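Here the structure is laid out as structure tokens; the discussion comes afterwards.
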Amino acid sequence: MRKQLTFFIFLVSVSLSAQNWESTWKDATQKASAENKKIVLVFSGSDWCIPCIKLEKEVWQSEAFIAFSNENLSLYRADFPKRKKNKLSPQLQEANAALAEIYNAKGYFPWVVVLSPSQKQLGTFTYEKTPVSSYLKKINGF
């Protein structure tokens, strides 16, 4: 019984601290529309882009951002990994490339696009060595 209770507490804590990055752009836009949430679209090179990795560790994985995003945002990461072991499916590669044509034509990494629930672009930013609170203010300000 004690092991079951410990496992249950572990699952609850993981689910409360987990981010909800959507697995498809369609899922992200549907969630945003249904729940009236802004969309944060992140263009990332997860296995080669040092500022992308810093943004992930310093901001996206922070407790403050996770709590804020779970309440207010629909998240989608358009990733462009280079290593074979991290290769995405051809369908996902095509979908991310199509998003890049629309929202990241200059190919900046990392590039964060904040959109309205109806997919109207509200603002953009990239990695800066600033506190998480600055990112939250920026997203709220758009």
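All of the numbers you see were taken from the coordinates with simple rules; none came from a lab. Quantities reported herein were computed from a predicted structural model and do not represent experimental measurements. Because the Cβ atoms are built from the backbone with ideal geometry, glycine has one as well, and the counts that use them run over all protein chains shown.
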Point to revise | Two-site FRET efficiency, Ala97 against Ser133, from Cβ-Cβ distance with R₀ of 30 Å, rounded to 0.05 | key: 0.35
**Study point:** Where only C-alpha atoms are counted, convex hull volume of region 26-141 per residue in Å³
**Key:** 101 Å³
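Suppose the chain between Trp48 and Ala34 were pulled fully straight at 0.36 nm per residue; how much longer would it get relative to their current alpha carbon spacing?
Residue separation times 0.36 nm, minus the Cα-Cα distance, leaves 1.6 nm.
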Check your understanding: Taking the simple approach of a point 7 Å from Cα along Cα-to-Cβ for both Phe125 and Asn86, what is their distance in nm?
Key -> 2.3 nm
Exercise for review: Can you tell me the 0 to 90 degree angle between the C-alpha axis of helix 2-17 and the longest principal axis of the chain, rounded to 10?
Suggested key: 30 degrees
Practice item. With everything on Cα atoms, drop me the angle between helix 132-141 and the longest principal axis of the chain, reported from 0 to 90° to the nearest 10. Key: 60 degrees
**Study point:** In degrees, nearest ten, helix 25-35 long axis to first principal axis of the chain (Cα)
**Key:** 70 degrees
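With a cap of 11 neighbouring Cβ atoms within 10 Å, and only residues DSSP puts in a loop, list the trypsin sites (Lys or Arg not before Pro) found in region 109-142.
Sites meeting the loop and neighbour criteria: Lys120, Lys129.
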Review point. Which residue fluctuates the most in the chain, going by a Gaussian network model with Cα springs under 10 Å, if the choices are Glu94, Glu58, Glu22?
Key: Glu94
